[in-house]
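Beneath this line is the structure, given in structure tokens, with notes to follow.
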Amino acid sequence: MDKEILLVNIDKVHTTDMGLARIKRNLKLDTNDVVEYCKNKILSKHCNIYKQGKNWYCEIDNIKITINSYSYTIITAHTCS
């Protein structure tokens, strides 16, 4: 299954400084380890992971995390309305 590729490469998941600020703001997080927070969400057995084009989308707990499938960079994360 496609999502196994993301799960096997979970250690490669990272973000940029701009991404860090954007994710913290969008999710109203009170943690500095945003990447660890996102990884834990992605690794949850309840996370719905799918690939569309060049991105992975991970949906859980009313949150959608977008990850570039080539670089494993977390692009953004936001709450679903």
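The values are calculated or read from the model by the stated rules, or taken from the named source; none is laboratory data. Everything quoted here is computed from the prediction, not taken from an experiment. As a convention, Cβ positions derive from the backbone with ideal geometry for all residues, glycine included, and neighbour counts pool all protein chains shown.
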**Q.** Residue count, the range 6-26 (criterion: touching a Phe, Trp or Tyr at 6+ places or on another chain (Cβ under 9 Å), surrounded by fewer than 14 Cβ atoms within 10 Å (Cβ to Cβ) and not in a helix (DSSP H, G or I))
**A.** 1
Q: Would you check which residues across the range 56-72 are among the polar types (S, T, N, Q) and surrounded by fewer than 16 Cβ atoms within 10 Å (Cβ to Cβ) and list them?
A: Asn62, Asn68, Ser71
Q | Matching residues in the range 27-63 - criterion: being of a type outside the set (A, V, I, L, M, F, W, C), in a strand (DSSP E or B) and within 13 Å of Leu7 (Cα to Cα) | A | Asn48, Tyr50, Lys51, Tyr57
Q. Given the conditions (1) exposed (fewer than 13 other Cβ atoms within 10 Å of the Cβ); (2) within 12 Å of the chain's Cα centre (by Cα), and given that Cys38 satisfies all but one, which numbered condition is not satisfied?
A. (1)
**Q.** Hits in the range 44-59 (condition: aliphatic (A, V, I, L, M) and more than 10 Å from the chain's Cα centre (by Cα))
**A.** none
Q | Condition met for Thr66 (modelled with pLDDT under 95 and either of a type in the set (Ser, Thr, Tyr) or closer than 14 Å to Lys3 by Cβ (or both)) | A | no
Q) Restricting the search to the range 50-77, which residues are more than 16 Å from Asp11 (Cα to Cα) and in contact with a Leu (Cβ under 6 Å, 6 or more places away or on another chain)? A) Ala77
